[in-house]
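What follows is a set of notes on a single structure, which appears directly below.
The values are calculated or read from the model by the stated rules, or taken from the named source; none is laboratory data. Just so you know, these numbers come straight off a predicted model, no measurement behind them. Ideal geometry is used to build each Cβ from the backbone, glycine not excepted, and the neighbour counts take in all protein chains shown.
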Amino acid sequence: MPPLRRRRFLPNVLDLRIVAGAASGALPPQRFGHIDAGLDGFNTFGAFRTLQENPYEGERYTALFWEHNFRTLPFEWIGQEWLVKRGIGLILHGGHGRTWISDARLASLPYTPQYQDRFHHEIGISINALLGILRLDFTGRLDAPGFFVGLGIARLF
């Protein structure tokens, strides 16, 4: 599907990041795969923003992260030219994923790993290019209670 206003110098863009992996056999815990978490209020693309602890880990893992950068288009539609002139835009983003650890493997581990036995879903909106280089993220969990406000580096390209 062609994006809106694609003839612009910086058109709207949809970014996707898919991560997945699996292992079998006598895997040491150091070789578990993981899905990244946010870092105490600072977020990057490809990490769960509402997960502020350790990343999810497991023998098998899969995740999809997406961002649709609408640039300044929403503010143009509502007539907020002062935001448009400053290059401030909106980004809609989300993340979905989980890890798996077999019951036998889980029982043999000497520690309790960070994982959940269901999918993690989150969705949010960001105000992009604040002060030229920052973005403010508002993200909510869809599968459990939780809301997060954080900062990140603006998506300029």
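Descriptive notes on the structure:
- Each residue in the range 66-113 was checked for being in contact (Cβ under 8 Å) with a residue 60 or more places away in the chain, part of a strand (DSSP E or B) and farther than 21 Å from Ala22 by Cα, and 3 of them qualify.
- Of the numbered criteria (1) among the hydrophobic types (A, V, I, L, M, F, W, C); (2) closer than 25 Å to Arg155 by Cα; (3) buried (at least 16 other Cβ atoms within 10 Å of the Cβ); (4) touching a residue at least 60 places away in the same chain (Cβ under 8 Å), the one Phe32 fails is (2).
- Residue, surrounded by the fewest Cβ atoms within 10 Å (Cβ to Cβ), within the range 127-154, restricted to residues that are β-branched (Val, Ile, Thr) and in contact with a Gly (Cβ under 9 Å, 6 or more places away or on another chain): Val149
- Within the range 114-126, tally of residues that are surrounded by 15 or more Cβ atoms within 10 Å (Cβ to Cβ) and either modelled with pLDDT under 85 or part of a loop (DSSP other than H, G, I, E, B) (or both): 2
- Only one of the numbered conditions (1) within 21 Å of Gly21 (Cα to Cα); (2) out of contact with any strand residue (DSSP E or B) (no Cβ under 9 Å at 6 or more places or on another chain) is not met by Glu59, and that is (2).
- Test: residue in the range 93-101 that is surrounded by 17 or more Cβ atoms within 10 Å (Cβ to Cβ) and touching a helix residue (DSSP H, G or I) at 6+ places or on another chain (Cβ under 6 Å): no
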